[in-house]
Amino acid sequence: ETIRADQVIYACPQFLTPYLIAGLSDERTSLVRQFEYAPWLVANMTLRDFPAPDRRRTPLAWDNVIYDSPSLGYVVATHQSVRTHLKETVFTYYYPLSDGAPADERKRLLDTSWETWVNMMLTDLSRPHPDISDLVRQVDIFRWGHAMVRPRPGFVWGEARRRVAR
């Protein structure tokens, strides 16, 4: 289907632009291809109960960042529940794969087994929550191949980003 309009607000990842906008110039195509996207692993970890509180640690917040972790941390996905008491909860864990080239990291994201990802997450989450392994009821993993633009030196204030923003 073709849609024609005098003006459009295009709010999609830049890598899709050459496929969605007909007649895009070679220059514009070249500029949007300079945007790199990092893959992410996102996992919903259903817990039978909340981790045990520990007075030496900071209590749970909605958004929780683990000091010196390769992950972006996790959110308590049940934080907006109107129930007065929740027995079960869900932690949504975010792990960007940004150490290597995006294509290599996407391959790693796909090639790594569910068990390996779960073990990595539990190792990370056991630092603030030593009892978490005993609480896990289910882990659902989502692999996002192009989750977020990955800035590299010179990109944020660089020519390609500036020109695409016009």
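Could you tell me which numbered condition residue 37 fails, if it satisfies all but one of (1) without any contact (Cβ under 8 Å) to a residue 40 or more places away in the chain; (2) under 30 Å from residue 117 (Cα atoms)?
(1)
Under the condition of being surrounded by fewer than 17 Cβ atoms within 10 Å (Cβ to Cβ) and hydroxyl-bearing (Ser, Thr, Tyr), which residue from region 17-64 is farthest from residue 133 (Cα to Cα)?
25
Restricting to region 99-134, give me the number of residues that are buried (at least 16 other Cβ atoms within 10 Å of the Cβ), closer than 29 Å to residue 36 by Cβ and out of contact with any Gly (no Cβ under 8 Å at 6 or more places or on another chain).
Of the residues in that region, 8 qualify.
Restricting to region 116-135, name every residue that is assigned to a helix (DSSP H, G or I) and not acidic (Asp, Glu). Write out each step before concluding.
Initial filter on region 116-135 (assigned to a helix (DSSP H, G or I)): 116-125, 132-135.
Of everything in region 116-135, those that are assigned to a helix (DSSP H, G or I) and not acidic (Asp, Glu) turn out to be 116, 117, 118, 119, 120, 121, 122, 123, 125, 132, 133, 135.
Determine if region 114-129 includes at least one residue that is in contact with a Lys or Arg (Cβ under 9 Å, 6 or more places away or on another chain) and among the β-branched types (Val, Ile, Thr).
no
Could you tell me whether residue 75 is part of a strand (DSSP E or B) and free of Cβ contacts under 8 Å to residues at least 24 places away in the same chain?
Taking the combined requirement at face value, the residue satisfies it.
Which of the residues that make up region 120-131 are touching a helix residue (DSSP H, G or I) at 6+ places or on another chain (Cβ under 9 Å) and either more than 18 Å from residue 95 (Cα to Cα) or free of Cβ contacts under 8 Å to residues at least 12 places away in the same chain (or both)?
Matches in region 120-131: 126 only.
Kindly indicate whether residue 48 is modelled with pLDDT of 85 or more, outside the structural domain of residue 98 (by TED's automatic domain parsing) and among the charged types (D, E, K, R).
When the stated conditions are applied, residue 48 does not pass them.
Would you check which residues across region 98-122 are at pLDDT below 95 and among the hydrophobic types (A, V, I, L, M, F, W, C) and list them?
101, 103
Just one of 162, 137 is farther than 18 Å from residue 70 by Cβ, surrounded by 11 or more Cβ atoms within 10 Å (Cβ to Cβ) and without any contact (Cβ under 8 Å) to a residue 12 or more places away in the chain; which is it?
Details: 137 fails: without any contact (Cβ under 8 Å) to a residue 12 or more places away in the chain.
Going through 162, 137 in turn, just one is farther than 18 Å from residue 70 by Cβ, surrounded by 11 or more Cβ atoms within 10 Å (Cβ to Cβ) and without any contact (Cβ under 8 Å) to a residue 12 or more places away in the chain: 162.
Among the residues of region 40-74 satisfying the criterion of being of a type in the set (A, V, I, L, M, F, W, C) and under 14 Å from the mean Cα position of the chain (by Cα), which is farthest from residue 119 (Cα to Cα)? Quick ask: steps written out before the conclusion?
Of region 40-74, the ones of a type in the set (A, V, I, L, M, F, W, C) are 40-43, 45, 47, 50, 52, 60-62, 65-66, 72.
If we keep only those that are under 14 Å from the mean Cα position of the chain (by Cα) too, we end up with 40-43, 65, 72.
On the way: 40: 17, 41: 13, 42: 14, 43: 12, 65: 18, 72: 17 Å.
If we take residues in region 40-74 being of a type in the set (A, V, I, L, M, F, W, C) and under 14 Å from the mean Cα position of the chain (by Cα), then 65 is farthest from residue 119 (Cα to Cα).
The values are calculated or read from the model by the stated rules, or taken from the named source; none is laboratory data. Keep in mind it's a predicted model, so treat the numbers as computed, not measured. Positions of Cβ are generated from backbone atoms using ideal geometry, with glycine treated the same way; all protein chains shown enter the neighbour counts.
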